[in-house]
Amino acid sequence: MVREAGTAMMNWPAQRVWVVGAGFLGGELVRLCLSAGVKTLSIDSRVAADVCGEAQQADTLRRALQKCSPQVIYSCTSTQGGGAKAYRSCYAEVAEQLVRSVPRARVVFCSTCSVYEEQGGGEVTETSICPGTEEKMRLVLRAEQAVLRAGGVVARLAALYGPGRCEIVRRYVLQFGRELPGGRERWVNYVHVADAARALMLLATRGEAGQVYNVCGETRQLGDLYGRLDALRREHEEERGIPVLPEKRGRANMRVRSDKIRLLGWEAQEDLLSFARQIIDERNEEEHGDA
């Protein structure tokens, strides 16, 4: 059923929203919307949601419309890996079905900074070229275009991290020195899941129709980041090493600029090093208790 939280409404014109994809980011967005007193309907096929089903299927959206007619739709679907087939159904087909089935709603589509395909360490902005050399990225761009043509907004997100999910902390801190793919000169871009959710809510109300916005909380070189994480680890334990396993991921090397959304008033409130310190402290408490 449609869920509501509280009676005090924030100064926010959208009072009915859908969150399509209620996983890591979508779940956080549901919590924020509910805390703002907004009627919120979640749609997902893999996690517990108000409407269970594939959002690229018209029947799923018809069932959702029977429960709530949205003013804003947040499309937060994720493939969790997979090839072109997964990208087509998860991004392109979902976006196209949303704008077709609910044409009066504003769609805020969660895309990725990976569409820039920059591997040389250069800066990227919303006007940077998106080559579309990989089929998966072409499918994401196809989804973006469907939303933009319908007057929606696209948020290109940097790598998300937050409770239970942060690859560099998992590897380098918790697994004692396993590095990410790429050299130490490689640039990486992150945004905390809570900051990303706040950005999406801002774009629903203040984002310009038919526009793309980068959402990146911080940009760092891996070498600098490893050094800072080492300093955090040395506060607690001796360093140990684990061999780096070969991987296919991690080719992106760019510096994402998010000036455009910052002009709307968004600023990241979380940072990766504070998050890493919290994880280290929690692990030490689990290992040592009150000893």
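The values are calculated or read from the model by the stated rules, or taken from the named source; none is laboratory data. If you're wondering where the values come from, they're calculated on a predicted model, not measured in any experiment. Neighbour counts are summed over all protein chains in view; Cβ atoms, including those assigned to glycine, are modelled from backbone coordinates with ideal geometry.
What to note about this one:
- Residue check, Pro163 within 25 Å of Ala22 (Cβ to Cβ), surrounded by fewer than 22 Cβ atoms within 10 Å (Cβ to Cβ) and of a type outside the set (S, T, N, Q): yes
- Evaluation of Ala92 against the conditions (1) within 22 Å of Ala158 (Cα to Cα); (2) surrounded by fewer than 16 Cβ atoms within 10 Å (Cβ to Cβ); (3) under 19 Å from the mean Cα position of the chain (by Cα) shows that the sole unmet condition is (2).
- Test: residue in the range 81-104 that is at positive phi and touching a Phe, Trp or Tyr at 6+ places or on another chain (Cβ under 9 Å): no
- Any hit, the range 217-227, residues being buried (at least 19 other Cβ atoms within 10 Å of the Cβ), closer than 30 Å to Val30 by Cβ and within 15 Å of the chain's Cα centre (by Cα): yes
- The set of residues from the range 35-83 being crowded, with 18+ Cβ neighbours inside 10 Å and assigned to a helix (DSSP H, G or I) comprises Thr60, Leu61, Ala64.
- Count of the range 1-34 residues which are in a loop (DSSP other than H, G, I, E, B) and at pLDDT 85 or above: 4
The rows are residues; the columns are (1) modelled with pLDDT under 90; (2) surrounded by 17 or more Cβ atoms within 10 Å (Cβ to Cβ); (3) part of a loop (DSSP other than H, G, I, E, B); (4) in contact with a Phe, Trp or Tyr (Cβ under 6 Å, 6 or more places away or on another chain).
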site	(1), (2), (3), (4)
Arg240	yes, no, yes, yes
Val244	yes, no, yes, no
Glu247	yes, no, yes, no
Ala252	yes, yes, yes, no
Ile261	no, yes, no, yes
Gly265	no, no, yes, no
Ala268	no, yes, yes, no
